[in-house]
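K.L.:
Please find one structure pasted underneath; my questions will follow.
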Amino acid sequence: MTVEEEAISTQELLVPETLDESYDAYLTLLREQGFALEDYCGKHIQRYVYQITNYPSGRTDAQAVLLVYDGTLAGGHVQA
């Protein structure tokens, strides 16, 4: 996967102290990729969104979302 060099958006987020059931599906997705967002509860993280330039189906609106804490990748996903 290739993305544009510059993020199309950045945002600081506060991960809630407690992740309720509304996070269950996302937490499962992250765990399957080797991430544990629970480790960042109560912390401020950065969310970076990048435009994907070579999405397999040819879609031009696909984006890669990266969650970063203190220089460490805390999670992420592709939205298309």
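K.L.:
Return the total of residues in segment 62-80 being open to solvent by 30 Å² or more (accessible area, probe 1.4 Å) and either hydroxyl-bearing (Ser, Thr, Tyr) or assigned to a loop (DSSP other than H, G, I, E, B) (or both).
P.N.:
The total comes to 5.
K.L.:
All but one of (1) part of a loop (DSSP other than H, G, I, E, B); (2) in contact with a strand residue (DSSP E or B) (Cβ under 6 Å, 6 or more places away or on another chain); (3) of a type in the set (Lys, Arg) hold for ARG59; which doesn't?
P.N.:
Of the numbered conditions (1) part of a loop (DSSP other than H, G, I, E, B); (2) in contact with a strand residue (DSSP E or B) (Cβ under 6 Å, 6 or more places away or on another chain); (3) of a type in the set (Lys, Arg), the odd one out for ARG59 is (2).
K.L.:
So, one more: Can you find, within segment 28-41, the residue that is least open to solvent (accessible area, probe 1.4 Å) among those that are more than 9 Å from GLY75 (Cβ to Cβ) and not β-branched (Val, Ile, Thr)?
P.N.:
Initially, segment 28-41 is screened for residues more than 9 Å from GLY75 (Cβ to Cβ), giving 28, 31-32, 34, 38-39, 41.
Remaining after also requiring not β-branched (Val, Ile, Thr): 31-32, 34, 38-39, 41.
Working: ARG31: 121, GLU32: 133, GLY34: 68, GLU38: 69, ASP39: 105, CYS41: 36 Å².
Within segment 28-41, the match that is least open to solvent (accessible area, probe 1.4 Å) is CYS41.
K.L.:
If you don't mind, another one. Across segment 48-80, what is the total count of residues that are closer than 16 Å to LEU19 by Cβ and in contact with a Leu (Cβ under 8 Å, 6 or more places away or on another chain)?
P.N.:
The qualifying residues number 4.
The values are calculated or read from the model by the stated rules, or taken from the named source; none is laboratory data. Given the structure is predicted, the values throughout are model-derived calculations rather than measurements. Neighbour counts are summed over all protein chains in view; Cβ atoms, including those assigned to glycine, are modelled from backbone coordinates with ideal geometry. Quick note on the areas: whole protein, heavy atoms, side chains included, nothing else; ligands and nucleic acids left out. Shrake-Rupley method; radii C 1.70, N 1.55, O 1.52, S 1.80 Å.
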